[in-house]
Amino acid sequence: MDDTVLNIALVVVLALFVVYTIRSSRKNKAKQADLKSQIVPGAEVMTNFGLFGTLLSIDEVSNEATLETSPGNVVRVHRQTLAKVVTPTETVDGAVASSEPRSVEEAMEIATREQEARDRAAAGTTPAFGELAEPSAPTPPADSTDTGLPHTTKKVDE
């Protein structure tokens, strides 16, 4: 009786493994098809090694993609290195982040808001790792004649 229960359990585990493998394979194929449909010339893309750029062209025969990383700078990469299409992301306050450059005033305003948020969060909390709880005064040297420099001895020629 024990052997049949064990055999049934093994068959069930094997069946679950097969179902899981097939399901994950279908998900991966769907994800790849979705990515392939989004990667068209003119799309902002990121490679799997972190290079961002605008896709200029894809050569299916030689498996090459041409990216413009900045105006006038064109890079050729293997087509399979295109990892994802870059879309605008949501910021903390709910606004959509733009890929356009900011003015100095906007950048300073954002930096000021972020610093104020960090200051509010740090008020009344324990110090972070590596920070002193209270600033301490430097301790004076034990001997008043000690300059803190290393002591050296000089051999005098006779």
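The values are calculated or read from the model by the stated rules, or taken from the named source; none is laboratory data. Quick caveat: nothing in here was measured; it's all calculated off a predicted structure. Counting neighbours? That spans all protein chains shown, and the Cβs are built from the backbone with ideal geometry, glycine included.
Scanning region 38-48 turns up at least one residue that is in contact (Cβ under 8 Å) with a residue 24 or more places away in the chain and of a type in the set (D, E). Only a single criterion out of (1) assigned to a helix (DSSP H, G or I); (2) under 14 Å from R79 (Cα atoms) is not satisfied by F17, namely (2).
Of the residues S99, S62, which single one is of a type in the set (G, A, S) and at pLDDT 80 or above?
Details: S99 fails: at pLDDT 80 or above.
Unique residue meeting the criteria: S62.
Return the only residue of T145, T153, T91 being surrounded by 10 or more Cβ atoms within 10 Å (Cβ to Cβ), at pLDDT below 90 and not assigned by TED's automatic domain parsing to the domain that holds A33. Lay out the reasoning, then the answer.
Values: T145 fails: surrounded by 10 or more Cβ atoms within 10 Å (Cβ to Cβ); T153 fails: surrounded by 10 or more Cβ atoms within 10 Å (Cβ to Cβ).
The match here is T91.
Are any residues in region 1-54 within 30 Å of S70 (Cα to Cα) and of a type in the set (A, V, I, L, M, F, W, C), and if so, which ones? Can you show your working first?
Within region 1-54, the first condition is being within 30 Å of S70 (Cα to Cα), and the residues that meet it are 31-54.
A33, L35, I39, V40, A43, V45, M46, F49, L51, F52, listed by residue number.
Restricting attention to region 25-39, the residues that are within 19 Å of K84 (Cβ to Cβ) and either of a type in the set (S, T, Y) or not in a helix (DSSP H, G or I) (or both) total 2. Scanning for something under 25 Å from the mean Cα position of the chain (by Cα), modelled with pLDDT under 60 and surrounded by 10 or more Cβ atoms within 10 Å (Cβ to Cβ), does region 110-131 turn up at least one residue? Taking every residue of region 110-131 in turn, none turns out to be under 25 Å from the mean Cα position of the chain (by Cα), modelled with pLDDT under 60 and surrounded by 10 or more Cβ atoms within 10 Å (Cβ to Cβ). Consider region 46-56 and keep the residues that are surrounded by 12 or more Cβ atoms within 10 Å (Cβ to Cβ) and not aliphatic (A, V, I, L, M). The one that is farthest from the chain's Cα centre (by Cα) is T54.
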